[in-house]
Structures are given as structure tokens and as C-alpha cells.
Amino acid sequence: MRSPFLRKKDIAELERKIPGFRSDGQMPVRKPIIRVDDLDVVYFAGKNNEARALDGINLEIFPEEYVIFFGPSGSGKSTLLNIIAGLEIPSRGRVIVDGQDLSELVSNDLARFHRKKTGMIFQTYNLIPTLNVLYNVIVPLIFERIRSNERKDKGRYLLKKLGIDPFETRLPQELSGGQQQRVGIARALINNPPILLADEATGNLDSEAARNVLEIFNILNLNDKKTIVSVTHNPEHLSYADRIFFMKDGKIIKVEVNHERKKIRGENDEGGIKKERTELDLLLQAYPDLSSMQMQVMLAPFKAKMLVAYLLSNFEYEEIQKMEEVITNRLLGRISEEDLINQLDFPIEEGGVGLNKNTALKFSRIIEEVVAKADFIQQETPLIKENQTDPVRATVSGIRIMLLEAFKGELSLDQVEALDKGIEYRIYSKISKKEFREFLDRPLEKGGAGLNKKSARNLARKLELIMLVKFGT
Ligand code: ADP
Ligand code: MG
């Protein structure tokens, strides 16, 4: 039978380009490494908000091919990639990856299959900010029975290969975006999977760093024989691929063989740390007087967010929110490891996240590894000591204690009272940041807190930081 997916001249092209790819008459003898048959993905089926993310997708991808799913936002690219990764279950259709029909695998086997066969690379890198570069790369090996030294050796080999070995002990945020993405690529390679899946991998990078990542993909494809499936809406990428699947409204509307695939060898990145500071970085630098404990407490919601982003693939908004909340509580030591597992495991209706037991255990293992790294858990902090009877007062006075931690002067009782009022007004957005600063600076007699200009400015800035991390955004 002739392959319904490739035209004759496409096959000839593939034969020419891909070593070992032969066709027997009109049929490729090489088996596809990925095959998708009649795939549909429908969200909210039957409801009035029904969304058809994928609609009758058929495709084959061959070993050592480099393909791109190209299309506008919302066309279904990520959904298709996640299905191939085994992270989402289709509404209809069949997905075969490396000879395995994914629908035949139950959840644990699916997760293992996913880890062994595919490495995923994300637009936002999804690195864990509290783990250094090496640990980030070897995180996926937590699931494997491998000795710690062996894990590290594997990780170091990849760091070297990707030119990021000098940053082994750095934290991700100390690296430039391009370097962080190389850490992400190293992590994707740690289980030596035959397939790499990249979802807008260069979406957050400047053009030079983006080219560097494309160059790495090119080498991984040509030298390391990885099959690469890359999702993008950036047409500059297309020249790197063997084939491009053009998508629109959940359908593949065109498949094009790239006759002019670039075999570029770009100039090497010098690898020095180009300090790309995030907004948070800058904020943190502005507050050298915060104790590391205070910093940890304030960063917990961010860490929770990152961990959740890393652990998750296809959860609903509600579950994600709940999970962030539970993980934040664990990072802050408000709940025990056992509570964490239970809350991850309990059904949503009972206030849990609704994971099954095994997934809950797996997630908690990763979370506990991060928790173990943070020494703040057992320590009491003003924010943790919650006053059950009057939560507003407890929050306000907790914040006041944090605000005044590094304050050198003395405050009268009246000033403390005034300050509390001001904090309350600010955190409930009754006054602006500027008004809060002016209030701090105004004399007590005129209804202010009677601080000097400098203290007023410092405390106002510090409160903004606390609000940023404690109350969300
Ligand atoms: P792309 O990656 O091409 O931007 P996606 O695969 O993310 O597109 O989304 C395809 C379509 O499916 C979009 O209309 C999107 O809104 C919808 N969609 C994706 N994920 C979900 C979800 N979990 N629930 C509901 N709709 C979704
Ligand atoms: Mg997408």
C-alpha cells in the first residue's frame, strides 16, 4: 500500500537526505517513529463552549527527521505536541510512538514511556529556580534507580556538551535566557530519548540566542540522530527543518518538504554570563537588607509556581491554582509532607488537587527535594505565625515586623499603630504606593507615621516587594 502521507517525490527527497531511508517501490521501508491516525481533540465536548483543538490529524514522522509544526496561535500545535509526548489523551484516534500505541499504556507506564522516549523543551525553560544548573539537568533522573554520582556524571557530560559547564553551580536566574534554554535542552537529553519535542523553544529569546538554540537542534538532529519535532509560529525557523506541517484550526492544511534545509554551523557562543536581570532580580538587589529567611518566605509562591509549571502538563486552571496553594503551604512549612501527599491526592471536591496516589507521591518526592534544600521550613516567621482570630491584624502586624526587621530607628506605640493602619490601607489598595510613602513621611500630628524621608522611601519600597510576592500577581 502506498503511504497516504507522503508523495513519491517526497519519499525520494527523504531517501536522498536521510541515511538509511529507502523506499520499496512507493512504500517507505523505514517505519515511522511517530504515527498519528485520525486524531481529534475536543475540549468541553457537548457543552456550549466546546473547543475542537485538533480535527482529523494524520501524520507520520520518520526517525532522524527534523519536522516543524507551524501555524498561528490557537491552531493546535501545542496540543498535538503534548499528545505525541503522551501528556494529553486524545478524544479520538491513535498515536504510535516508537512502535508503542500510547492508548495501550496506563498512567504510570505512560509517564515512564514519556520520560524514556521524549525530551521536552519549553518556551519558558521551566527550570527550578532553587536548584543549581546541574541539579536542574538531572531532575528527571530522580525517577530512576541510579546512584547519585552517576547522575551527576551524566549531567556534567551534557553541561559540557552544551557549553554550559562553567555554570554548573549557578542558579538558573544567574544565566542569560539563551543559557537557561541550554540547561533546558540538557535536561531534555538526560534520559537519552530518541525524540526531542520543542514548544516555541526560542519564543523568549533574542535573535542571537534563538539562532544558537536552532544551531543546537541542528547538531542534535544531524550528529546525534535525534528526531526533532519543533513547534513554532516563527517563519525564520522553517529553513532548518526537513518537513513542515502547516496547521490551521486544528487541521494540517499542508505538508511541505524543505529542499533547501540549512546545514549551518553557526559561530559558537562565547559562553560568558551576560547578566540579563529579571525584574525580580532587580527588586531583590534593591533590598540587600532582607534576611535570607525573609527572602525565602517571600519567594515561596514563586517557587511553587515554577514547581507546578514543571510538574504539570495538562491540568485545568482550578487544579493548577489549588496545586500552587498546596505547594506554597508546604514550602512555607505550614503543612507536613504527609499533608502534602494527601492534599495532592484528595479529590477536588474535598479540597484536594485530585491527582492519583502514584502521581501525588511522585510530585511530592520532587517537592520534598526542593524543600530539603531550603532551610527555612522549620523556622517560625512572622508570616507563618497566623493569628486565627483576626486575620487582617495578623497579616498587617506580620508585614509590619518584616518591614521593620532592618529598621534602625525607634518607633513609639502611636507610630506603630499609625503604621499598621497605613499598611492595611495599602495592602487593600485604598491608597497608592505614593500615598503610602507620603503617609509614612508625614508627621504624627498630621495623621502620618512620622518617619524621615529615607525610611519612608525604604519601607514603601519594601512593602511593594512584600505585596508582590505575598499577594500574588
Ligand atoms: P497553539 O499551540 O497552536 O497556539 P493550542 O494547541 O494551545 O494551540 O490550542 C488549540 C486550541 O485548543 C485553542 O483554541 C485553545 O484555546 C484550545 N485549548 C487548548 N488547551 C485547552 C484546554 N485545556 N481547555 C480548553 N481549550 C483548550
Ligand atoms: Mg502553543
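The values are calculated or read from the model by the stated rules, or taken from the named source; none is laboratory data. This structure is a prediction, so every number in the text was calculated from the model and none was measured. Note: ideal-geometry Cβ built from the backbone for every residue, glycine included; neighbour counts use all protein chains shown. In case anyone asks, the SASA skips ligands and DNA or RNA and just uses the protein heavy atoms, side chains included. Shrake-Rupley method; radii C 1.70, N 1.55, O 1.52, S 1.80 Å.
Tabulated values for the structure
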| quantity | calculated |
| --- | --- |
| Neighbours by Cβ (under 6 Å, 6+ apart or cross-chain): first from the stretch 75-91, more than 17 Å from residue 195 (Cβ to Cβ) and more than 7 Å from ligand 1 (Cβ to nearest atom); second open to solvent by less than 10 Å² (accessible area, probe 1.4 Å) and assigned to a helix (DSSP H, G or I) | 90/83 |
| Residue list for the stretch 51-70, restricted to those being part of a loop (DSSP other than H, G, I, E, B) and closer than 17 Å to residue 259 by Cβ | 62, 65 |
| So residue 103, is it farther than 22 Å from residue 355 by Cβ and either assigned to a loop (DSSP other than H, G, I, E, B) or open to solvent by 20 Å² or more (accessible area, probe 1.4 Å) (or both) | no |
| Residues of the stretch 37-50 satisfying the condition of being in a loop (DSSP other than H, G, I, E, B), on the phi < 0 side of the Ramachandran plot and away from ligand 1 (no atom under 12 Å from the Cβ) | 48 |
| Residue count, the stretch 447-473 (criterion: at pLDDT below 90, among the basic types (Lys, Arg) and open to solvent by 10 Å² or more (accessible area, probe 1.4 Å)) | 4 |
| Test for residue 431: is it part of a helix (DSSP H, G or I), within 17 Å of residue 448 (Cβ to Cβ) and at pLDDT 80 or above | no |
| Residue 138, sole failed condition from (1) more than 17 Å from the chain's Cα centre (by Cα); (2) not in a loop (DSSP other than H, G, I, E, B) | (1) |
| Count - residues of the stretch 185-200 that are away from ligand 2 (no atom under 16 Å from the Cβ) and either out of contact with any strand residue (DSSP E or B) (no Cβ under 8 Å at 6 or more places or on another chain) or among the small types (Gly, Ala, Ser) (or both) | 3 |
